[in-house]
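The values are calculated or read from the model by the stated rules, or taken from the named source; none is laboratory data. In this text the structure is predicted, and so the values were computed from the model without any measurement. Methodologically, a virtual Cβ is constructed for each residue, glycine included, from the backbone with ideal geometry; neighbour enumeration extends over all protein chains shown.
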Amino acid sequence: MTAVRWLVALPFVGILIGVAFANQVEPLVLGMPFVLAWIVGWVVVGAAVMALVYALDPINSRPDSQDAGEQP
């Protein structure tokens, strides 16, 4: 599970470091400057990564766990 949790760092790196390389106005993507479309894209990817990590977390697959803080 620890390896899957490293996926959480991917959107952080994409937004923080990628913006320096995507910092341009042209081309327009869906009417937005490229840098804004880059950030919006990484926000969407971040939500997908969080959903994936949640789905793969074994504590969420147990039917008896009603509380997220409950330890086995």
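Quick check on the stretch 50-69: of everything there that is under 20 Å from THR2 (Cβ atoms) and assigned to a loop (DSSP other than H, G, I, E, B), which residue is modelled with the highest pLDDT?
ASP57
Among the residues of the stretch 1-11, what is the count of those that are in contact (Cβ under 8 Å) with a residue 12 or more places away in the chain and part of a helix (DSSP H, G or I)? The qualifying residues number 6. Consider the stretch 15-33. How many of its residues are aromatic (Phe, Trp, Tyr) and surrounded by 16 or more Cβ atoms within 10 Å (Cβ to Cβ)? Selection size over the stretch 15-33: 0. I'm checking my understanding of the structure. Among residues of the stretch 5-49 that are over 23 Å from ILE59 (Cα atoms) and among the aromatic types (Phe, Trp, Tyr), which one is modelled with the highest pLDDT? If we take residues in the stretch 5-49 being over 23 Å from ILE59 (Cα atoms) and among the aromatic types (Phe, Trp, Tyr), then TRP42 is modelled with the highest pLDDT.
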